[in-house]
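*Asks:* Shown below is the structure under consideration.
The values are calculated or read from the model by the stated rules, or taken from the named source; none is laboratory data. This one's a predicted model, so the numbers in the text were calculated from it and none came from an experiment. Here the Cβ is made from the backbone with ideal geometry for all residues, glycine too, and neighbour counts use every protein chain on show. These area figures cover heavy atoms from the full protein model, side chains too; ligands, DNA and RNA do not enter into them. Shrake-Rupley method; radii C 1.70, N 1.55, O 1.52, S 1.80 Å.
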Amino acid sequence: MPRGKAMRAPNGYGTIVKLSGNRRKPFEVRVNTHINEYGYPVYDVLGRYETRTDADVARAKYHESPYDISANNSTFEQVYNAWFTQKYIKSKRKYSTSSINCTKGAYKKCISLHNRLFKDLRKNDLQSILDDYTLSHAYMEHIKNLFNQMYKFALENDIVQKDYSQFTRITKPEDDTPGVPFTKEEIRLLWENVDKVPFVDTVLIYIYSGWRCMELLTMPIADIDIENWTFKGGMKTESSKNRIVPIHTLIRPYVAKRLAEGHNCLIANNDRPVIYSSSYMPLFKKTLLQCGITTPHTPHDCRHTFTSLLNSAGANDVCIDRLLGHASKSITKRTYTHKDIEELRVAVELIKKEP
């Protein structure tokens, strides 16, 4: 064989072409992938390489485990669009507007990756997004979740061979929104008006359960068990998800009454069966003013109030962490036994109604 000539490859194996000009990677691998309508083979570019040997190795590896080259050359944006279509558009499952908007928001924060080839991304590329401390911890959680789901999709569709999302982490401490707990006098005003002012019951449900605003607003009715009097939900972190919170005896009548109305979610009104935080906030503020509470509060203040009430009542730290969905070194498992639930119930019932 003449020196410098490559050994002829089998038919259909693909070719290695040296491109003209002064290029860092001049050797292009072209692989036959399908036949066109006229019966001629059509090739896709597998990649470009510095040496013919590198190109030959890449071609051989491709034939050991062929994959869809067009998908393999997809950008981050293209993979996102394909994954989004599969999950949110073609799926039979219905997702909330809030969930879809959170996903879109997380994608927008990854603009520096949009035009990058997905297969070329590495852990540091993803981590650079999560290291942007101008983002809130909650936004970082949405972005991390987006990476996890996109890589799962990419692996299933042979776009990548390795999941780099599993090596990323959120380095920013959890920034649970600071707030102002309700005072004893304000809680007393809520109880005085619970049967007079609409939506006061929802404020009390939040105060005596500690759910984040959207966790309760979007909680499926099936996850509210009035036979065993428990809530099940959570959506922010791994520690938060699927946690169980016993329903305090003080709010049980109001939970049962709202469930009896037959809406899709616990907090709803007749003309709007599902309420999101942007719609609940004006109702929340109006409700407090009607009760004579003028201190600016947010629904998240109810969560801080729940924490404060538990601490004041002497609940142990492990129970408080489990009820709030906080990560804790004292919690070694996320499953709930009957004993666990009863211990949490005891902790919740330590909170008493002020006379």
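*Asks:* For GLU185, only one of the following conditions fails: (1) in contact with a helix residue (DSSP H, G or I) (Cβ under 8 Å, 6 or more places away or on another chain); (2) more than 13 Å from HIS304 (Cα to Cα); (3) among the charged types (D, E, K, R). What is its number?
*Replies:* Only one criterion in (1) in contact with a helix residue (DSSP H, G or I) (Cβ under 8 Å, 6 or more places away or on another chain); (2) more than 13 Å from HIS304 (Cα to Cα); (3) among the charged types (D, E, K, R) is unmet by GLU185, namely (1).
*Asks:* Provide a single number: the residues in segment 203-249 that are part of a loop (DSSP other than H, G, I, E, B) and among the β-branched types (Val, Ile, Thr). Talk me through it step by step, then tell me what you get.
*Replies:* Of all residues in segment 203-249, those part of a loop (DSSP other than H, G, I, E, B) come to 208-212, 218-219, 226-229, 234-242, 247-249.
From what's left, among the β-branched types (Val, Ile, Thr): 218, 226, 237, 247, 249.
Of the residues in that region, 5 qualify.
*Asks:* Collect the residues in segment 139-163 that are farther than 16 Å from CYS110 by Cβ and surrounded by fewer than 18 Cβ atoms within 10 Å (Cβ to Cβ), keeping them in residue-number order.
*Replies:* If the condition is that a residue be farther than 16 Å from CYS110 by Cβ and surrounded by fewer than 18 Cβ atoms within 10 Å (Cβ to Cβ), then LYS152, LEU155, GLU156, ASN157, ASP158, GLN161, LYS162, ASP163 are the ones that fit.
*Asks:* Turning to a different aspect of this structure: Any chance segment 189-196 includes a residue that's within 18 Å of CYS319 (Cβ to Cβ) and either in contact with a Ser or Thr (Cβ under 7 Å, 6 or more places away or on another chain) or not basic (Lys, Arg) (or both)?
*Replies:* From segment 189-196, those within 18 Å of CYS319 (Cβ to Cβ) are none; that's our starting set.
Scanning segment 189-196, I find no residue that is within 18 Å of CYS319 (Cβ to Cβ) and either in contact with a Ser or Thr (Cβ under 7 Å, 6 or more places away or on another chain) or not basic (Lys, Arg) (or both), so the answer is no.
*Asks:* Since HIS63 meets every condition but one in (1) farther than 30 Å from GLU215 by Cα; (2) exposed (fewer than 13 other Cβ atoms within 10 Å of the Cβ); (3) of a type outside the set (A, V, I, L, M, F, W, C); (4) modelled with pLDDT of 70 or more, which condition does it not meet?
*Replies:* For HIS63, the exception is condition (2).
*Asks:* Pairs only if they're at least six apart or on different chains, beta carbon under 6 angstrom, first in segment 302-322 and in contact (Cβ under 8 Å) with a residue 12 or more places away in the chain, second open to solvent by 10 Å² or more (accessible area, probe 1.4 Å) and among the aromatic types (Phe, Trp, Tyr); list them, first residue then second.
*Replies:* Partner pairs satisfying both residue conditions: THR305/PHE182.
*Asks:* Filter segment 13-48 down to the residues that are part of a loop (DSSP other than H, G, I, E, B) and either modelled with pLDDT under 65 or polar (S, T, N, Q) (or both), then identify the one that is nearest to VAL160 (Cα to Cα).
*Replies:* The first filter runs over segment 13-48 and keeps only residues part of a loop (DSSP other than H, G, I, E, B), leaving 13-14, 19-26, 36-40.
Right, trim to either modelled with pLDDT under 65 or polar (S, T, N, Q) (or both) and you get 20, 22, 36-39.
Details: SER20: 30, ASN22: 30, ASN36: 27, GLU37: 30, TYR38: 32, GLY39: 30 Å.
Here the residue is ASN36.
*Asks:* Out of TYR151, TYR133, report the one residue that is of a type outside the set (S, T, N, Q) and within 17 Å of ASN81 (Cβ to Cβ).
*Replies:* Working: TYR133 fails: within 17 Å of ASN81 (Cβ to Cβ).
Result of the check over TYR151, TYR133: TYR151.
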